[in-house]
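One structure is given here, and the rest of the page talks about it.
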Amino acid sequence: MTHRVSELTVPESAWFKSSYSSGEGGECVEVAAASDAVLVRDSKQSAGARLVFDLEAWSGFVRMAVER
């Protein structure tokens with residue numbers, strides 16, 4: 001299940017950019033791992049809303065993305 005929440009936080013140092021980010025602007029996302037979830041945010045709006053995926057949902061998403 002995917003939730004949009006702002007209460008779950010991780011240290012700023014935990015965030016890393018997608019390997020597909022070029023550093024030239026555009027569409028970039030950052031990801032951080034929490035103890036029982038994976039957080040995703042827009043790198044251009046780091047203080048904005050974050051998507052939180054439980055570990056099962058994140059694993060399914062990654063598996064689907066790799067298969068494509």
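The values are calculated or read from the model by the stated rules, or taken from the named source; none is laboratory data. Keep in mind that what you see is a predicted model, and the values were worked out from it rather than measured. Ideal geometry is used to build each Cβ from the backbone, glycine not excepted, and the neighbour counts take in all protein chains shown.
So which strands (runs of 3 or more DSSP E) stay within the chain end to end and still have 2 or more residues that are touching a strand residue (DSSP E or B) at 6+ places or on another chain (Cβ under 6 Å), at pLDDT 75 or above and surrounded by 10 or more Cβ atoms within 10 Å (Cβ to Cβ)?
Details: elements: 2-5, 29-33, 37-42, 50-54.
Ranges flagged: 29-33, 37-42, 50-54.
Selection of first residues in the stretch 37-52 that are under 14 Å from residue 14 (Cα atoms) and of second residues that are assigned to a strand (DSSP E or B) and acidic (Asp, Glu), restricted to Cβ pairs under 6 Å at least 6 apart or on distinct chains, gives the following pairs, ordered by first then second residue: 37/54; 41/30; 43/30.
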